Amino acid sequence: MKQYDYLIVGAGLYGACFAHQAGLKEKRCLVIDRREHIGGNLYCRNAEGIHVHQYGAHIFHTSDREVWEYVNSLAEFNCYINSPVAIYKDRLYNLPFNMNTFYQMWGVRTPAQAVAKIEEQRAEMAGRTPVNLEEQAISLVGRDIYEKLIKGYTEKQWGRACTELPPFIIKRLPVRLTFDNNYFNDAYQGIPVGGYNVLIEKMLAKADVRLGVDYLAGKSDWDTLADKVVFTGMIDEYYGYRFGKLAYRTLRFEEEWLETENFQGNAVVNYTEREIPYTRIIEHKHFEFGTQPHTVITREYPGEWCEGAEPYYPINDTRNDRLYKQYSDLAAGEENVIFGGRLAQYQYFDMHHVIKQVLQLKSTI
Ligand code: UDP
């Protein structure tokens, strides 16, 4: 009999949630991670009371009651509502695109005026199906908003022209004819009180955890420890990149500690001009309504991923999706390995998607 039922590679959300579900069934789990901390990209560092989202801002949102009740059974969530502000050439605009934005952009005050303006603006796309992100954006909100709030941000984020990007990236941005700055359409939203580590620690409470260890460097030894492996790392790396490397966008974070109480008045401020090299500034304390006398801000610079950098956004274009299919066909043949999460499934999941997937596996764990 092996020492563990599951060896879980990766202490991020998928791995931690899996360990929690397995623990509920009295299964023995060993969770390992290359990094020196748990939580994967959800990890928060405590900077004198401010929980710094060290690998990018995470805002929990879902419309799935089961998922919401599950996370609330593990941690208390505050009532943070994400309402980013965009800056374009020294003017501020509310996001997502709503009556506030339309007023700021065109001076229109009623939904009827806004609709008329948007219709006029999107006329150039009349009768045509968008084939790229630029066309999708114009047919959604028209050229002014596209040029000022979408084009520069998106081209920085993806490192490609909007005419070379697929339309679906922009589809998730809501367009509203109400004065509602809530970025998400979901029924439930919030941030765990005390930061995400609280949630992950609860999930991992019954598991053994070893940090700062490399699974792939000693795979055959690790594999002797458990009946099954749950792998949440990069699927192409698991297979030694034998078909080639999957592409990602990476992020570089520039963090600054400021002896001021309130730097920008909002957790998320997007910089949508192409000329400014970062996409946004996060002021972490506002996620938890912090009142500290100091603040911590992070500028986010997107870049092309290369080996050794952190992979963030999968680039789901035709080439990469085809390549991923080759790896996932191999993975489907592995009897004792479960591949889960953003890196192993090469898909940009929201947190609630990850949790739902694990909850759906529950009966098989
Ligand atoms: N986006 C944009 N302008 C903004 C914010 C977002 O054009 O001010 C577009 C951009 O194409 C981006 C997509 O919306 O890739 C999704 O952005 P979101 O902020 O939802 O993604 P996140 O990186 O936070 O998951």
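Of the residues making up region 86-139, those that are in a helix (DSSP H, G or I) and small (Gly, Ala, Ser) are Ala112, Ala114, Ala116, Ala123, Ala137, Ser139.
Would you be able to say whether some residue in region 46-63 is under 19 Å from Ala205 (Cβ atoms), surrounded by 21 or more Cβ atoms within 10 Å (Cβ to Cβ) and either touching a helix residue (DSSP H, G or I) at 6+ places or on another chain (Cβ under 9 Å) or not charged (D, E, K, R) (or both)?
At the first step, the residues of region 46-63 found to be under 19 Å from Ala205 (Cβ atoms) are none.
No, there is no match, as no residue in region 46-63 is under 19 Å from Ala205 (Cβ atoms), surrounded by 21 or more Cβ atoms within 10 Å (Cβ to Cβ) and either touching a helix residue (DSSP H, G or I) at 6+ places or on another chain (Cβ under 9 Å) or not charged (D, E, K, R) (or both).
With respect to the conditions (1) in a helix (DSSP H, G or I); (2) in contact with a Cys (Cβ under 9 Å, 6 or more places away or on another chain), His51 lacks only one, and its number is (1). Evaluate the following for Arg242: is it farther than 25 Å from Ile355 by Cβ, in a strand (DSSP E or B) and more than 13 Å from the ligand (Cβ to nearest atom)? Judged against the criteria, Arg242 is not a match. In region 314-331, of all residues being outside any loop (DSSP other than H, G, I, E, B) and of a type in the set (A, V, I, L, M), the one that is farthest from the ligand (Cβ to nearest atom) corresponds to Leu330. Considering region 68-97, and only residues there that are more than 16 Å from the ligand (Cβ to nearest atom) and buried (at least 20 other Cβ atoms within 10 Å of the Cβ), the residue that is nearest to Asp180 (Cα to Cα) turns out to be Trp68. Annotation: Ala114 fulfils all but one of (1) surrounded by 14 or more Cβ atoms within 10 Å (Cβ to Cβ); (2) under 28 Å from the mean Cα position of the chain (by Cα); the unmet one is (2).
Across region 256-310, the qualifying residues are those that are closer than 29 Å to Glu147 by Cα and among the acidic types (Asp, Glu), and the one among them that is surrounded by the fewest Cβ atoms within 10 Å (Cβ to Cβ) is Glu275. Checking each residue in region 37-56 for being touching a His at 6+ places or on another chain (Cβ under 8 Å) and within 16 Å of the ligand (Cβ to nearest atom) picks out Asn41, Leu42, His53. Tell me which residues, restricted to region 141-157, are in contact (Cβ under 8 Å) with a residue 40 or more places away in the chain and either more than 7 Å from the ligand (Cβ to nearest atom) or surrounded by fewer than 20 Cβ atoms within 10 Å (Cβ to Cβ) (or both). Correct list: Val141, Ile145, Lys148, Lys151, Gly152, Glu155, Lys156, Gln157.
Residue count for region 158-168 under the criterion of being crowded, with 19+ Cβ neighbours inside 10 Å and among the aliphatic types (A, V, I, L, M): the result is 1. Has region 284-291 got at least one residue that is of a type in the set (Asp, Glu), under 25 Å from Phe349 (Cβ atoms), away from the ligand (no atom under 16 Å from the Cβ) and in contact (Cβ under 8 Å) with a residue 60 or more places away in the chain? Yes, region 284-291 contains at least one residue that is of a type in the set (Asp, Glu), under 25 Å from Phe349 (Cβ atoms), away from the ligand (no atom under 16 Å from the Cβ) and in contact (Cβ under 8 Å) with a residue 60 or more places away in the chain.
So if I check each of Pro302, Pro311, which one is in a loop (DSSP other than H, G, I, E, B) and within 16 Å of the ligand (Cβ to nearest atom)? Full working, then the answer.
Numbers: Pro302 fails: in a loop (DSSP other than H, G, I, E, B).
Answer to the check: Pro311.
The residue of region 135-156 that is farthest from Arg91 (Cα to Cα), among those that are in contact with a helix residue (DSSP H, G or I) (Cβ under 6 Å, 6 or more places away or on another chain) and hydroxyl-bearing (Ser, Thr, Tyr), is Ser139. Taking the criterion of being in contact with a helix residue (DSSP H, G or I) (Cβ under 6 Å, 6 or more places away or on another chain) and buried (at least 17 other Cβ atoms within 10 Å of the Cβ), the residues of region 197-235 that qualify are Leu199, Ile200, Met203, Leu204, Ala207, Tyr215, Val230, Phe231, Thr232, Gly233, Met234, Ile235.
Where a number appears in this text, it was derived from the coordinates with a stated rule and is not lab data. This one's a predicted model, so the numbers in the text were calculated from it and none came from an experiment. Heads up, the Cβs are rebuilt from the backbone with ideal geometry, glycines too, and the neighbour counts pull from every protein chain shown.
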